[in-house]
Amino acid sequence: MSDSGKYPPGEFRCGYVTIVGRPNVGKSTLLNRIIGQKMSITSSKPQTTRWCLYGIRSGPNYQAIFVDTPGLQTRYRDSLNRHMARETRKAIEQVHVVLMMVEALVWNTMDEHVHGLLGKLNIPVLLLINKIDRLQDRGQLLPFIKQLSGKNKFNDIIPVSATRNENIDAVESAVVALLPVAPPEYPIDQLSDRNERFFAAEFIREKLIRQLGEELPYRIAVTIERFERQPRIIYVDAVIWVEGESQKRIIIGKGGLMLKAAGEKARKDMESMFGCKLYLQTWVKIRKNWTGDARAMKEFGYEQ
Ligand SMILES: Nc1nc2c(ncn2[C@@H]2O[C@H](COP(=O)(O)OP(=O)(O)OP(=O)(O)O)[C@@H](O)[C@H]2O)c(=O)[nH]1
Ligand SMILES: [Mg+2]
């Protein structure tokens, strides 16, 4: 949908801005920070984001459609990972600006892989060095920036802290300067391309990921079987899919406490986003090896 009639060309800039980087560098945290509300799920576990998600930032004379992407890695290859890599590759084609994110003082083979993909594109790239709040001595940034500026492709290099909101304004200004003159693509009060069901499933997945150990988060999928808005309450029925009986036991936890805690937290996030009371019911079900099963993945909403 477009509001194009309202803005004479030449006065308005609009375009797509894809955020890429290896897992866990802080892409989703940045998106949430820029949009000003929690939208994309985040956690300290790598490979949290599985789908591209638009966060739409509209200013008086611009609209930047930020695209969060799954982190690119080269270690694992199964159907789920192929889906995630495909989502990210699609999101760097036909956009106007790419934000490549790395972590302060780290440049490893996965960063090299991401950089290699960008080398083939003819799009401006801003390199964001995130998590600078962790540095004891910010002087260490200078040689790191110097090392990276020797690499091809970056229009600018901006050190930031997504969690502490440092230099995020500089990112926005640099992005807006690179957007083409064009009318807005979305109504200016719209914040995302995703619907309430998507956020419901993602918020549940986030709480589980945050509560669980290292491997299990990757084995979880969440589907929404019912999303019913009534005048004063929303009813949500969700199924949490895992790959085996032992995983199911872990998720439910002793006396169901684990699942209850995750459900409570997810419900609060949903109530805050949807602005309405919500009744959440969850079930845990087993689908063997779904991360390697193209049919199951399709049923769970992952395109094949
Ligand atoms: N100290 C610090 N931590 C940060 C910063 N930005 C993000 N983090 C943390 O880094 C972890 C990963 O953040 P995410 O935003 O989920 O990372 P991501 O790049 O989206 O990860 P994937 O979706 O798995 O690719 C979380 O624990 C964040 O709180 C930052 O500026 N400083
Ligand atoms: Mg993410």
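Remarks
- Hits in segment 180-211 - residues which are under 19 Å from the mean Cα position of the chain (by Cα) and in a loop (DSSP other than H, G, I, E, B): GLN190, LEU191, ASP193, ARG194, ASN195
- Among the residues making up segment 34-83, those that are part of a loop (DSSP other than H, G, I, E, B), at pLDDT 95 or above and β-branched (Val, Ile, Thr) are ILE41, THR42, THR48, THR49, THR69.
Every residue, every condition in (1) touching a strand residue (DSSP E or B) at 6+ places or on another chain (Cβ under 7 Å); (2) without any contact (Cβ under 8 Å) to a residue 60 or more places away in the chain, yes or no:
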site: LYS45; (1), (2): no, no
site: THR48; (1), (2): no, no
site: GLY55; (1), (2): yes, no
site: TYR62; (1), (2): yes, no
site: THR69; (1), (2): yes, yes
site: GLN73; (1), (2): no, yes
site: THR88; (1), (2): yes, no
site: GLN94; (1), (2): no, no
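- Scanning segment 156-177 for residues that are more than 16 Å from ligand 2 (Cβ to nearest atom) and either among the aliphatic types (A, V, I, L, M) or under 19 Å from VAL114 (Cα atoms) (or both) turns up ASP156, ILE157, ILE158, PRO159, ILE168, ALA170, VAL171, ALA174, VAL175, VAL176, ALA177.
- For the condition at pLDDT below 95 and either in contact with a strand residue (DSSP E or B) (Cβ under 6 Å, 6 or more places away or on another chain) or part of a loop (DSSP other than H, G, I, E, B) (or both), GLU303 qualifies.
- Some residue of segment 147-155 being on the phi > 0 side of the Ramachandran plot and within 16 Å of ligand 2 (Cβ to nearest atom): no
- The sole residue among THR29, THR18 that is within 16 Å of ligand 2 (Cβ to nearest atom), among the β-branched types (Val, Ile, Thr), within 25 Å of ILE188 (Cβ to Cβ) and in a helix (DSSP H, G or I) is THR29.
- Selection count, segment 120-146, where residues are assigned to a helix (DSSP H, G or I), of a type outside the set (A, V, I, L, M, F, W, C) and exposed (fewer than 11 other Cβ atoms within 10 Å of the Cβ): 3
- No other residue among SER173, SER161 is out of contact with any helix residue (DSSP H, G or I) (no Cβ under 9 Å at 6 or more places or on another chain), modelled with pLDDT of 95 or more and assigned by TED's automatic domain parsing to the domain that holds THR18 apart from SER173.
- In the condition set (1) within 15 Å of VAL284 (Cα to Cα); (2) surrounded by fewer than 19 Cβ atoms within 10 Å (Cβ to Cβ), PRO231 is compliant with all but (1).
- Of everything in segment 22-43 that is of a type in the set (Gly, Ala, Ser) and either out of contact with any strand residue (DSSP E or B) (no Cβ under 6 Å at 6 or more places or on another chain) or near ligand 1 (Cβ under 6 Å from one of its atoms) (or both), the residue that is nearest to ARG205 (Cα to Cα) is SER43.
- Residue match in segment 52-71 (condition: outside the structural domain of LEU212 (by TED's automatic domain parsing), crowded, with 19+ Cβ neighbours inside 10 Å, within 11 Å of ligand 1 (Cβ to nearest atom) and farther than 20 Å from ILE209 by Cα): no
- For CYS14: the one exception among (1) surrounded by fewer than 19 Cβ atoms within 10 Å (Cβ to Cβ); (2) at pLDDT 95 or above: (1)
The values are calculated or read from the model by the stated rules, or taken from the named source; none is laboratory data. Note that the coordinates shown come from a computational prediction; the quantities given were computed from them, not determined experimentally. We place every Cβ from the backbone using ideal geometry, glycine too, and count neighbours over all the protein chains shown.
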